[in-house]
Amino acid sequence: MTIYLEKLLVLFDNMFDERMESRKSKDSTASNDVLDTPINIVEDGLKEVNRTQVIHLLLVLFVAGTDATSNTIEWAMTELLRNPQVLFTAKKELKQTFGKGNPIEESDIDHLPYLQAIIKEVFRMYPPAPLLVPRRAESDADISGFKVPMDSQLLVNVWAIGRDPRIWENPNSFIPRDILGLKSMSKVQI
């Protein structure tokens, strides 16, 4: 792992250098992307932020993004293998919509409501970030009998919401058609 993290650090270091060089050019335009924003901070001369910290921030963002994606795919595959009928229906939808062996583009997702339901059900049961980014109460509030004072830090437990039996009929069961209320579909019969 150390070897690959070093390779990523070198990659981000090179990206940093390339962006700095391109910004020196008269033809360059700022893109205000995830790399330009921290470079602006470094160029503004803030002592708290330096080049090494920016490169490590990029590494953290990259690892976090790929980790969340790979975990979601892993859970989707796990649930499809545990639920052969769901897998069969997804394959049937793909075959009926596109035929066998035809390429599928990202723009084709709109034509795959059952596949969309599978993905949403995976996110419901296995959210990549079970606790959302902390929030701050803008004013005093009363939530279900709990007094929340202004400026309190709040954490939203998305995992608990996705497993709440008051909201979901079978909260611990993987049932994609239920997430969208799909009892039957126009193209694929479940």
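The values are calculated or read from the model by the stated rules, or taken from the named source; none is laboratory data. If you're wondering where the values come from, they're calculated on a predicted model, not measured in any experiment. Quick reminder, even Gly has a Cβ in these numbers, built from the backbone with ideal geometry, and neighbours come from all protein chains shown.
Taking the stretch 143-160 as the search range and keeping residues that are loosely packed, with under 10 Cβ neighbours inside 10 Å and assigned to a loop (DSSP other than H, G, I, E, B), which one is modelled with the highest pLDDT? Filtering first and then ranking leaves Pro149. Counting only residues that are part of a loop (DSSP other than H, G, I, E, B) and more than 18 Å from Gly65 (Cβ to Cβ), the stretch 1-53 holds 15 of them.
Take the conditions modelled with pLDDT of 90 or more, touching a Gly at 6+ places or on another chain (Cβ under 8 Å) and not aromatic (Phe, Trp, Tyr) and apply them to Arg163. Does it pass?
On the way: modelled with pLDDT of 90 or more: yes; touching a Gly at 6+ places or on another chain (Cβ under 8 Å): no; not aromatic (Phe, Trp, Tyr): yes.
No, not satisfied.
Looking at this structure, is Leu5 more than 30 Å from Phe174 (Cβ to Cβ), surrounded by 14 or more Cβ atoms within 10 Å (Cβ to Cβ) and modelled with pLDDT of 85 or more? Answer is no for this residue.
Does the stretch 107-126 include one or more residues that are in contact with a His (Cβ under 6 Å, 6 or more places away or on another chain), part of a helix (DSSP H, G or I) and modelled with pLDDT of 90 or more?
In the first step, residues of the stretch 107-126 are kept if they are in contact with a His (Cβ under 6 Å, 6 or more places away or on another chain); the result is none.
No, the stretch 107-126 contains no residue that is in contact with a His (Cβ under 6 Å, 6 or more places away or on another chain), part of a helix (DSSP H, G or I) and modelled with pLDDT of 90 or more.
Just give me the residues in the stretch 54-82 being under 16 Å from Ile175 (Cα atoms) and surrounded by 14 or more Cβ atoms within 10 Å (Cβ to Cβ), in sequence order. Even if it seems obvious, please write down each step before you answer.
Within the stretch 54-82, the first condition is being under 16 Å from Ile175 (Cα atoms), and the residues that meet it are 75-82.
Residues satisfying the conditions are Trp75, Ala76, Glu79, Leu80.
Within the stretch 87-142, restricting attention to residues that are exposed (fewer than 14 other Cβ atoms within 10 Å of the Cβ) and hydroxyl-bearing (Ser, Thr, Tyr), the residue that is nearest to Ala68 (Cα to Cα) is Ser107. Mind checking whether some residue in the stretch 123-142 is under 30 Å from Leu61 (Cα atoms), small (Gly, Ala, Ser) and within 19 Å of the chain's Cα centre (by Cα)? So far as the stretch 123-142 goes, yes, one or more of its residues are under 30 Å from Leu61 (Cα atoms), small (Gly, Ala, Ser) and within 19 Å of the chain's Cα centre (by Cα).
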